[in-house]
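Since the structure comes first, as structure tokens, the remarks are kept for the end.
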Amino acid sequence: MKPLLDVKDLKVHFPLANGSSVHAVDGVSFQVNEGDSFGIVGESGSGKSTTAQALMRLVDPVAGSIKLDKHDLGALEGEALRTLRHMLQMVFQDPYSSLNPRLRAGQAVREPLDLMGLGPARGRDKRVDEMFRAVGLHPDAKRLFPHQFSGGQRQRLCIARAMVTEPRLIVCDEPVSALDVAIQAQILNLLKKLQIEKHLTYVFISHDLAVVQHLCTHVAVMYLGEFVETAPTQELFASAKHPYTWSLMAAALSPDDTTPSTDRFTVTGEPPSPINPPKGCRFAGRCPFATDTCRAEKPPVKTFAEGHKVACHYAGELTPPLPELAAHAA
Amino acid sequence: MDPVLEITDLKVGVDTGRQVHSVLDGVSLKLTPGKTLGVVGESGCGKSMTALSTMGLLPDRFAVSGGSIKLMGEDLLAAKPARMRELRGNAISMIFQEPMTALNPVLTVERQIAEVVELHQGKTGAEAREIALEMLRAVQIPSPEDRLAAYPHELSGGMRQRVMIAIALACRPKVIIADEPTTALDVTVQAQIFRLLRELQDQTETAIMLITHDLGAVAEMADEVAVLYAGKCVESGPVREILSNPSHPYTRGLMACTPRLRLGAAAASAAEEGLGEIPGMVPPLGRFPKACRFAPRCALADARCHAEAPPVVPTGPDHSALCWHTNKMEQVA
Amino acid sequence: MTETTSAPTAAPEATGPKPAHPALEFLRAFARNQSAIIGLILLALVLGTTFLGPVFYDVDPYSMVDMPFVAPGGEYAPLGTDYLGRDMLAGIIEGGRATLAVGAAAAVISVVIGILIGSLAGYFGGWIDAALMKVTEFFQILPTLLLAMVLVTIFGATLVTITLAIGAVSWPQVARLARAEFMKIRKLDYVQAARTAGARDAYLIFRVILPAALPPLVVAAGLAVGAAILFEAGMSFLGLGDPNTMSWGLIIGQNRNYLLDAWWTVTLPGVAIFITVLAISLVGDGINDALNPKLRRR
């Protein structure tokens, strides 16, 4: 099957005043099939949000290609790009800032249809009503302004707006991280339900491994502008092979485990600056397994079963420091 | 052991100009030396107001209308502003969520730590500098001698939060209130900060009030837990009790809402796991239901829940819940 | 706790003490501001006198009604006469129209140019921004009064040229303000969201960003009116006003030699300018405060 989204060697650099540049995304490749949800996990500064913005062409990549279905999205400009925008839509992180405070809810959801001239003008209101119901809002709420909604309701509005053009792909950039845990669960369940009902395809950006495991079919772990590990969700969580992935897994806290994690695997320090990324493995400075090879040479991407890709010199040779993973590997 | 901080029946209201809305309605908490109390709830439940009342830093139009807050026997609500200034940063200090905005951008790290020491302990010059250096070492900042001269913007998020902790600990306070101290940080850094807080607590016997929405953080850090909902403490008890046997439908709901990481062999079944939901949302100030405040969102609610405020029901050793249906918890989630 | 599916039809009204519509909130905040209300009353007074004045006080401002330099309280002229024996009150009423018209028109010109240049620079950034800002800086470093004087001297001192000259030299400040606002707002998520919804540049600039950037620009426009009035008065005082049209500045300019003998001929139109500019800036401040949600809560 041909993938719906095919990203090859995507690079986004932001030039700085002093001549150097921030290597926000530095050579990322992945494919997403129709109906899948592809999660990108990483810490702040990893470049996951910039990847999302590059897919949406809100920032311009300096290299690489983005193909959506048969369209070369990365190469399009101006009007040609604008007319394709109905094919991919985005849900932003902060539902408080991603709705125009001057537009009523109904206008906000209808706006993409009007701007892109989709469907007959008379049918648009009906379509908006449909979207309101689909995300669990009453169509009567159309006349309200965004500030009259709660955070969770606003995010429902944003989802309705993203879905109204019947996009082939929806990019969700941390759609639940600004919400309270109970509301977060409502929105996650809504996204999952809509995906099944309407066969949506997601690229889902998050810092939370548990959320990604819950919602995604495939996961990429991003560190300092690069994917360090990519795999189908079940494969990744059953047998992760990159030390950075392990550190994220070990740091995740569970409400079921009340023993303080004194002997748990942790890494020291914080990610280095993406302005001058380390020349060998970018994680080497924080990795407890790092050797001189790691610090000097860029790790190759090794492929394991089920398309499990790991960018580590010692992938598959290290024993995972997490008991659950070690037990599974044995 | 005697509690170092005891909040009894605290009532706080906000004056909207037309009427006074209840924000906290009879919250009682206890902090023991060397222990951590996790205060949990969604935004709008009163977590931060509890903290700010204790610090004597309630915003304009908010006022305490009843109850008492005793720090080692001294009633903070009766203390004069001058006395509160003496206590703040000294006997009781606070760690904020966003270290970038809570630190002064135009002062060096050394000045900011030395300032509290000079203010409260009357130490100056070389002595204050020595304490600042010692504190940076205590919070495990690498090459602390060089960091003394740094400004907040020159530090990473994790380092800034360490500096905040250093400032909070500089005067060896009896109580630290940590308001979502790791929410703005990455998970790997969060793990480091929690480990640091625990180590420091073991050395200093400080009591910590950890305000958080994250039950994972509570499991990791807390000894005791208080769950707040719409200005009421709906459940309190030892952490193991609360998380393994929650006795209030709200606590149960929060547990069910939290996605779990399933690693290794357990990953295979993760896809089938549903995520629980609490329908609706926290009622806004002034619209708290009269009887049980959680009733409109509760699966167990019956006519009595909507008519009569529930009693505090003991459900285990030191464990109690504010619910009519503590015996029917298995029916939830 | 319902499993799997999402909460049904959350009632949107249940979001609590609903903030009023922004416009209503704005009016309330404005009405609470005492000095703004005083400014509004003064402004109404000035406008009323200028535009309704001739109905109640029907005296030709250009003809001689008495001896020159009759002090206020005279038999024929309640506010005295000027150096040609013309009625001061009629002059002030008549002159107010030209002064206010020049002020308003010049302000509109400077705001339109300023917003156009500032929004393009702030929205597109890059070399467009660099080029437009160089032009702006060029105008900013020129001594504005001198430049306006040169323009008026070349093109002749008529009301229209004076207005154009004032407008042409006072837009850079508005442009800088508009640019700063545009740079801030264009990064907001909802602007990005509109772009992903297929909005063209013109739609983003005029329909999405400009309405959000407008509040400080409205205030700037108000202050620009005050500044333009002062500017016009200054030019008239220097003898560069339109000699055929009565304005407050012209009255002052023509009578300035007699200030010590007939103080009212200069002071009265001066007071009129003072009150007008004060009223405009009080109202401008009031709008500014009312639009600022942080101050609004007080």
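Couple of notes before you dig in:
- Angle in degrees between helix A:124-134 and the longest Cα principal axis of chain A, rounded to the nearest 10: 50 degrees
- Neighbour-count ranking [beta-carbon atoms within 10 angstrom, fewest first] of C:TRP263, C:TRP171, C:TRP127, B:TRP324: C:TRP127, C:TRP263, B:TRP324, C:TRP171
- Under 5 Å between amide hydrogens, built in the peptide plane, is the criterion, and for B:GLU277 it picks out C:THR2 among residues at least 5 positions away or on other chains.
- Residue with peak Gaussian network fluctuation, chain A [Cα springs, cutoff 10 Å], from A:LEU209, A:LEU16, A:LEU157: A:LEU16
- Lysines whose Cα lies under 29 Å from that of B:LYS232, excluding same-chain neighbours fewer than 8 positions away: B:LYS11, B:LYS30, B:LYS35, B:LYS47, B:LYS70, B:LYS80, B:LYS174, B:LYS290, B:LYS328, C:LYS18
- Loop-located trypsin sites (Lys or Arg not before Pro) in the range C:96-202 (DSSP state other than H, G, I, E, B) with a sparse environment of at most 16 neighbouring Cβ atoms within 10 Å: C:LYS187, C:ARG200.
- Overall form of the range A:225-330 per C-alpha gyration tensor (a/c, 1.5; a/b vs b/c): oblate
- Residue-averaged beta-carbon neighbours from other chains (10 angstrom radius) around A:90-103: 4
- As an equivalent ellipsoid, chain C spans semi-axes of 47, 26, 13 angstrom, where each value is the square root of five times an eigenvalue of the C-alpha gyration tensor, largest first.
- Cβ-Cβ distance of B:MET72 and B:GLU127, R₀ of 41 Å, FRET efficiency by 1/(1 + (r/R0)^6): the value works out to about 0.95.
- C-alpha long axis of helix B:187-204 to longest principal axis of chain B, angle in °: 70 degrees
- Rounded, prolate or oblate (a/c below 1.5 giving rounded, otherwise prolate when a/b exceeds b/c) for the range A:246-305 by Cα gyration tensor: prolate
- Note on A:GLU79 and A:ASP263: the extension gain reaches 60.6 nm, defined as 0.36 nm multiplied by sequence separation minus the Cα-Cα distance.
- Highest-first packing order for the peptide set B:276-283, A:23-30 is B:276-283, A:23-30, based on the mean count of other beta carbon atoms within 10 Å.
- The calculated P(r) of the protein assembly as shown, using every Cα pair and 20 Å bins from 0, goes 12, 35, 33, 15, 5, 0 in percent.
- 0 to 90° range, to nearest 10: angle between helix C:34-56 axis and chain C longest Cα axis: 50 degrees
- Cα centroid of the range B:259-333 to Cα centroid of the range C:94-169, whole Å: 65 Å
- Which of B:HIS153, A:HIS313 has the fewest Cβ neighbours within 10 Å, and the rest in rising order: B:HIS153, A:HIS313
- Helices in the protein assembly as shown, meaning DSSP H runs of at least 4 residues, each add -39500 (n - 2.57). Divided by all residues, the mean residue ellipticity at 222 nm is -13500 deg cm²/dmol.
- Proximal lysines to C:LYS187, defined as alpha-carbon separation beneath 17 angstrom and excluding residues fewer than eight positions away on the same chain: none
- Inter-chain shielding of A:184-197 (mean C-beta neighbours from other protein chains, 10 Å cut-off): 5
- Peptide B:213-222 is shielded by partner chain Cβ atoms: per residue, an average of 5 of them sit within 10 Å of its Cβ.
- All-pairs alpha carbon distance profile, the range B:5-145, 10 Å steps from 0, percent: 10, 33, 32, 20, 5, 0
- Counted over chain A, the DSSP beta bridges are approximately 60% antiparallel.
- Distance violations [Cα-Cα > 19 Å] among A:LYS8/A:LYS302; A:LYS11/C:LYS184; A:LYS67/A:LYS302: A:LYS11/C:LYS184; A:LYS67/A:LYS302
- Working note: Karplus 6.51/-1.76/1.60 with θ = phi - 60° gives the range B:95-111 the couplings 10, 9, 5, 10, x, 5, 8, 7, 8, 7, x, 9, 10, 6, 4, 4, 4 Hz, where Gly and Pro are set to x.
Every number in this text was worked out from the coordinates using simple rules, so none of it is lab data. Keep in mind it's a predicted model, so treat the numbers as computed, not measured. When we count neighbours, we look across all protein chains shown, and the Cβ atoms used for this are built from the backbone with ideal geometry, even at glycine.
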